[in-house]
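Peer 1: Mind having a look at this structure? Questions to follow.
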Amino acid sequence: MSKRGFYPPRRFPRMSPGRRRFLQLSTAAMAGAVLTNCAGNIAQNDADSTDTEAEATASNEGSASGDDTLHIYSWSSYFDDDMIAGFEEATGIRVVADIYDSNETMLARLQAGGGGQYSIIYPSDYMIEQMIEMDMLLELDHDELPDLADLIEQWQSPPYDPGNDYSIPYSWGTTGLIYNVAELGEVEDWEYLWENQEELTRRMTLLNDVREVAGITLKMLGYSNSTEDAAEVEEAFAMLEELKPALSAFTTDGWRDQIVPGDLLIAHAYSVDALDAIAENDDLEYVVPSSGATVWTDGIAIPTTAPNVEAAYAWMNYVLNPESAAEVMSRLQLATPNKLTLDSLDSELKADTRLFPPEEVLAKCEALAPVGDAIDLYDRLWTQLTST
Amino acid sequence: MATSPPIASRETASPASVFQRLKQRATKLVEPLVLLLPAGVWLLLLLVIPTLMILQLSLLPDFKPGNPLPSYGLGNYLKILQDDVYLRVIFRSFIFAIASTLLCLVLGFPVAYWIALMAPQRWRNLLLLAFVLPLWTSSLLRSYAWITILRPTGVLNTFLNSVGLPSLQILNTQSAVVLGLAYNFLPYMVLILYASLEKLDRRLLEAAADLGAPPTQVFAKITVPQSLPGIAAGCLLVFITSLGDFVVPELLGGASSMTMARLVYNQFLGAARNWGFGSGLSMLLILAVSLTIALLLKYGDRKADTLV
C-alpha cells in the first residue's frame, strides 16, 4: 500500500476504531435508508421483542447452513484475512465479516433490526455500557472463556463493564496530541495549545467529537471527562470558546494529510492514527498530555439477537488465546489488554510508550462513560462552539 | 317490417354498446393507473411513508431510541425556534445555499450560453460530456480533492507562490464551503441552462438586433426572459441540494461550519442520539425546501407565460 496517493484506499488497511470519518460519511446515505426503516421499529417500542424474534428467525433461514457460519460485525482494522483463515481452519466455522465505521452506526443498525445475523460485535467502552443498559448484550458465561483470567489487572473489571460480564476487552489506546517536534519542541500538556495560541493559529485541529473535545478542558480543570454537572460542562466549553478562534478545524482524520507535509503543527488525535502518521514523517511525535486524557477500549460482545452463540464463544476464545493473538496484534499494531499476549510481543513493540504509555501517565487517564441526558447540554454547547 | 331488424339490432346492441362505453371509460381510468403504479408505489414507500415517520418522530420531544416514549408535543420545534444557537445554524445553512446557487449561476450561465449558442455543433455533446464527467466520481472524493488543492501548501498555493503571488488561506473557511458546493453542483446548473438556452428562439435575437438593440439589451430583454424557466429550475436544484449537503461543510468548512444537515446527522449518528430533535430539524428542512419549490415554480412559470 503506497504511503502517498489517493485518500481512501491508503486509509483502508489501517482504519482506526470508530474514528474514521471517511467511511462514516460515505455510508451516511445508506445509514439514512437504515434509519428510515428504524422509525417503524423504534416508534413502537412495545413491539420491539416481536421484531427481534422475527429478525432472528429470518437470519436463521438466511444462513441455512446454520451452525457452521459466524457473522461478525467489526471495525475494519480489527481483523485480517489471515486471522479469519486461522479461525476457520481451527474450528471449521465459516466467518462472514462486515465492517462499520462508528459505534453509532453499529447501534443504529442493530436497533433498526438489520443486524440479526451478527453473533459478534466490537463496541467501544461507552457503547458497551449503553448497550448493557438497553439489554442488547448477552451475559457471558465465564466458564466458556478460560483465558479471561490472563487480562491485565485494569481490564479484569473495567468500569464500563464490571467483571467483564457482557464483553471482553480487545484493544485499547489513548487520545492525545500529535505534533511536529522539529518545529515546536517537546509538548507536555493541553495547556500548550492555549499558551501558544498565536503561533498555532490556523495550524491546529481538534477531533470532530463532542465528548473527546470537551474531555480536554474537563481534564485540564481537574474534573471527570464524563461529568454530568452542568456548571462543569459549561466551564469546559467556555475555555474551548477561547481557543476556538485559533482552531483550523474539528476533524477526526482530516488533520493527517495536513500534518504530514507540515501545514498543521499540532492535532488532537487517537493514538492508533497518530502512530500511523508518525510512520510517514519522523518529525512528528505523539504525547499523552500530563493532565490526563481519554483512554479507550474496544471490546467484543455477543448481541442478545445472536443466532450462533456457540461460534461466538469460539471466536472469543480464539481472540483471547495468547498464541494466536500475539501474532495478530503485532501485525495489526494494536495494544492488547491481555497479559500473556503482551508478554509474548516483540520487546521493541512492548517498549513503545506511545502504544503502551507508562503507568504514571495512564493513571491520570480516564475512559469516557455515558453522561445520560446531560448529553443534550454537551450537544447544544458543541453546536454553539462549531457554529459561531 | 323492413325497419324491425335495425330496431331489434339497436335494441340488442344497446346494452353491448353501453358495456363497450363503460369498458372504454374504465380503460381510460385504468391505463394511467397502471402506468403510474410503479412510480406511485415507489413514492409511497420511499418518500411519503418515511416522511410521515419523520413527522411522527418529530412530535416526540427529545425521543431517543431505547428510551421510553415521551408524550406527543411540539417540544422539538420549540427547542429549535427558541434557541438562537439553532436559529443561527439555520441562517448559515441558507447563506451557504444561496451563495453557492448564485455562484453556480454566474459561472454556469456563460458556459451554457456558449455551448448552446456559439460552440460548433459537433463539439456540443463532447463539451456537455466533459461537464458531466466529474459526476462519475463520488462527491466525497471530489471534496477530498479540494482539500489537496486548497490546503496551505497545496496545489493552489504552490502555483500562486511560483508566480510570485502570496498564499491564500481558503481551506477551513466559509468560502471553501461555498466553493466546494458550487463546484459539486455546477454540472447540474449547466445542463439545465443548456437545455433551456438550446431551445431559444433565435429569430427573436436576430429581429432585436435588426431593430437596433445593442447586444446587452438583446441579452437582457430576449435571452434572459426566455431562459427564465431554466434559470429557476437550475437555481432550485442547486439550492436544494446545497441546503441538504453535509459532506462539503464538514470536510472543507473548518471550525465554524455547522449547518442544518450536519446537525441532523449529529442527532442521528453522533453522540446525542436525539432522534426526536433530529426529526424536528429534518421536518423544518423539508418544509423550507418545499416552500422554496412552491414559490420558485410558481414564480418561474408566471414569468415564462407572460414573457415568452
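Peer 1: Quick check on the stretch A:247-257. Is at least one of its residues farther than 29 Å from B:SER175 by Cβ and open to solvent by less than 10 Å² (accessible area, probe 1.4 Å)? Can you show your working first?
Peer 2: Let us first name the residues in the stretch A:247-257 that are farther than 29 Å from B:SER175 by Cβ, namely none.
No, the stretch A:247-257 contains no residue that is farther than 29 Å from B:SER175 by Cβ and open to solvent by less than 10 Å² (accessible area, probe 1.4 Å).
Peer 1: Read through the list (1) modelled with pLDDT of 95 or more; (2) in contact with a helix residue (DSSP H, G or I) (Cβ under 8 Å, 6 or more places away or on another chain), then give the number of the only condition that A:GLU195 fails.
Peer 2: Here A:GLU195 clears every test but (2).
Peer 1: Here is a further query. Of a type in the set (Gly, Ala, Ser), surrounded by 16 or more Cβ atoms within 10 Å (Cβ to Cβ) and in contact with a helix residue (DSSP H, G or I) (Cβ under 7 Å, 6 or more places away or on another chain): does that describe B:ALA119? Explain how you work it out, then say what you get.
Peer 2: Values: of a type in the set (Gly, Ala, Ser): yes; surrounded by 16 or more Cβ atoms within 10 Å (Cβ to Cβ): no; in contact with a helix residue (DSSP H, G or I) (Cβ under 7 Å, 6 or more places away or on another chain): yes.
So B:ALA119 fails the test.
Peer 1: Then there is this: Tell me yes or no: at least one residue of the stretch A:280-295 is within 28 Å of A:LEU145 (Cβ to Cβ) and not β-branched (Val, Ile, Thr). It would help to see each step written out before you state the result.
Peer 2: So the first thing to find is which residues in the stretch A:280-295 are within 28 Å of A:LEU145 (Cβ to Cβ), and the list is A:294-295.
Narrowing the set further to residues that are not β-branched (Val, Ile, Thr) leaves none.
No, there is no match, as no residue in the stretch A:280-295 is within 28 Å of A:LEU145 (Cβ to Cβ) and not β-branched (Val, Ile, Thr).
Peer 1: Here's a check for you: in the stretch A:226-238, which residue that is aliphatic (A, V, I, L, M) and either open to solvent by less than 40 Å² (accessible area, probe 1.4 Å) or not assigned by TED's automatic domain parsing to the domain that holds A:GLY372 (or both) is farthest from A:PRO159 (Cα to Cα)? Walk me through it before giving the result.
Peer 2: The first filter runs over the stretch A:226-238 and keeps only residues aliphatic (A, V, I, L, M), leaving A:230-231, A:233, A:236, A:238.
From what is left, the residues that are either open to solvent by less than 40 Å² (accessible area, probe 1.4 Å) or not assigned by TED's automatic domain parsing to the domain that holds A:GLY372 (or both) are A:233, A:236.
On the way: A:VAL233: 21, A:ALA236: 23 Å.
In this case the residue turns out to be A:ALA236.
Peer 1: Being under 29 Å from the mean Cα position of the chain (by Cα) and under 25 Å from A:MET204 (Cβ atoms) is the filter here; which residues of the stretch B:117-172 pass it?
Peer 2: The answer is B:LEU140, B:SER143, B:TYR144, B:ALA145, B:TRP146, B:ILE147, B:THR148, B:ILE149, B:LEU150, B:ILE170, B:LEU171, B:ASN172.
Peer 1: When A:MET127 is evaluated against the numbered criteria (1) surrounded by 23 or more Cβ atoms within 10 Å (Cβ to Cβ); (2) in contact with a Ser or Thr (Cβ under 9 Å, 6 or more places away or on another chain); (3) at pLDDT 90 or above, which criterion, by number, is the only one it fails?
Peer 2: (2)
Peer 1: If B:GLY73 satisfies all but one of (1) part of a helix (DSSP H, G or I); (2) out of contact with any helix residue (DSSP H, G or I) (no Cβ under 6 Å at 6 or more places or on another chain), what's the number of the condition it fails?
Peer 2: Going through the list (1) part of a helix (DSSP H, G or I); (2) out of contact with any helix residue (DSSP H, G or I) (no Cβ under 6 Å at 6 or more places or on another chain), B:GLY73 breaks only (1).
Peer 1: Being away from every other protein chain (no Cβ under 14 Å), open to solvent by less than 50 Å² (accessible area, probe 1.4 Å) and among the aromatic types (Phe, Trp, Tyr): is that true of B:PHE96 here? Write out each step before concluding.
Peer 2: Details: away from every other protein chain (no Cβ under 14 Å): no; open to solvent by less than 50 Å² (accessible area, probe 1.4 Å): yes; among the aromatic types (Phe, Trp, Tyr): yes.
So B:PHE96 does not fit the description; no.
Peer 1: For A:LEU275, state whether it is open to solvent by less than 10 Å² (accessible area, probe 1.4 Å) and either at pLDDT 90 or above or in the same structural domain as A:GLU195 (by TED's automatic domain parsing) (or both). Break it down into steps so the answer makes sense when it comes.
Peer 2: Working: open to solvent by less than 10 Å² (accessible area, probe 1.4 Å): no; either at pLDDT 90 or above or in the same structural domain as A:GLU195 (by TED's automatic domain parsing) (or both): yes.
The answer is no for A:LEU275.
Peer 1: Right, something else. What single numbered condition from (1) without any contact (Cβ under 8 Å) to a residue 40 or more places away in the chain; (2) open to solvent by less than 20 Å² (accessible area, probe 1.4 Å); (3) in contact with a Leu (Cβ under 7 Å, 6 or more places away or on another chain); (4) within 14 Å of chain A (Cβ to nearest Cβ) fails to hold for B:PHE268?
Peer 2: (2)
Peer 1: Moving on to the next point. When you look at B:SER279, is it away from chain A (no Cβ under 13 Å) and either open to solvent by less than 10 Å² (accessible area, probe 1.4 Å) or in contact with an Asp or Glu (Cβ under 7 Å, 6 or more places away or on another chain) (or both), yes or no?
Peer 2: no
Peer 1: Under 7 Å between Cβ atoms, at least 6 apart or on separate chains: pull out the pairs that start in the stretch A:362-383 with a residue that is within 11 Å of chain B (Cβ to nearest Cβ) and among the acidic types (Asp, Glu) and end on any residue that is open to solvent by 50 Å² or more (accessible area, probe 1.4 Å) and in a loop (DSSP other than H, G, I, E, B).
Peer 2: A:ASP376/B:ASP62
Peer 1: Now a separate question. Consider B:PHE94 carefully, then state whether it is over 30 Å from B:VAL218 (Cα atoms), aromatic (Phe, Trp, Tyr), out of contact with any His (no Cβ under 9 Å at 6 or more places or on another chain) and assigned to a helix (DSSP H, G or I). Break it down into steps so the answer makes sense when it comes.
Peer 2: Values: over 30 Å from B:VAL218 (Cα atoms): yes; aromatic (Phe, Trp, Tyr): yes; out of contact with any His (no Cβ under 9 Å at 6 or more places or on another chain): yes; assigned to a helix (DSSP H, G or I): yes.
Yes, satisfied.
Peer 1: Okay, next question. Residues of the stretch B:42-51 being open to solvent by 70 Å² or more (accessible area, probe 1.4 Å) and more than 9 Å from chain A (Cβ to nearest Cβ), which ones? Quick ask: steps written out before the conclusion?
Peer 2: First, the residues of the stretch B:42-51 that are open to solvent by 70 Å² or more (accessible area, probe 1.4 Å): B:42-47.
Within the stretch B:42-51, B:TRP42, B:LEU43, B:LEU44, B:LEU45, B:LEU47 qualify.
Peer 1: Of all residues in the stretch A:337-372, which are among the β-branched types (Val, Ile, Thr) and either within 20 Å of A:ARG211 (Cα to Cα) or open to solvent by 20 Å² or more (accessible area, probe 1.4 Å) (or both)? So that I can check it myself, show each step before the final result.
Peer 2: We begin by selecting, within the stretch A:337-372, every residue among the β-branched types (Val, Ile, Thr); these are A:341, A:353, A:361, A:371.
A:THR353, A:VAL361, A:VAL371, listed by residue number.
Peer 1: For the structure I just gave you, tell me whether B:LEU156 is modelled with pLDDT of 90 or more and of a type in the set (A, V, I, L, M).
Peer 2: yes
Condition check ((1) more than 23 Å from B:GLN174 (Cβ to Cβ); (2) open to solvent by 80 Å² or more (accessible area, probe 1.4 Å)) across all residues:
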position	(1), (2)
B:ALA130	yes, no
B:LEU133	yes, yes
B:LEU141	no, no
B:THR148	no, no
B:PRO152	no, no
B:VAL155	no, yes
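Peer 1: Another question about this same structure. Look through B:LEU78, B:LEU107, B:LEU60, B:LEU102 and report the one residue that is open to solvent by 20 Å² or more (accessible area, probe 1.4 Å) and either in contact with a Leu (Cβ under 8 Å, 6 or more places away or on another chain) or within 11 Å of chain A (Cβ to nearest Cβ) (or both). Talk me through it step by step, then tell me what you get.
Peer 2: Working: B:LEU78 fails: either in contact with a Leu (Cβ under 8 Å, 6 or more places away or on another chain) or within 11 Å of chain A (Cβ to nearest Cβ) (or both); B:LEU60 fails: open to solvent by 20 Å² or more (accessible area, probe 1.4 Å); B:LEU102 fails: either in contact with a Leu (Cβ under 8 Å, 6 or more places away or on another chain) or within 11 Å of chain A (Cβ to nearest Cβ) (or both).
B:LEU107 is the lone residue from the list that is open to solvent by 20 Å² or more (accessible area, probe 1.4 Å) and either in contact with a Leu (Cβ under 8 Å, 6 or more places away or on another chain) or within 11 Å of chain A (Cβ to nearest Cβ) (or both).
The values are calculated or read from the model by the stated rules, or taken from the named source; none is laboratory data. Because the structure is predicted, anything quoted here is derived from the model rather than measured. Positions of Cβ are backbone-derived with ideal geometry, glycine not excepted, and every protein chain shown enters the neighbour counts. Calculation scope for accessible area: heavy atoms of the full protein, side chains included, ligands and nucleic acids excluded. Shrake-Rupley method; radii C 1.70, N 1.55, O 1.52, S 1.80 Å.
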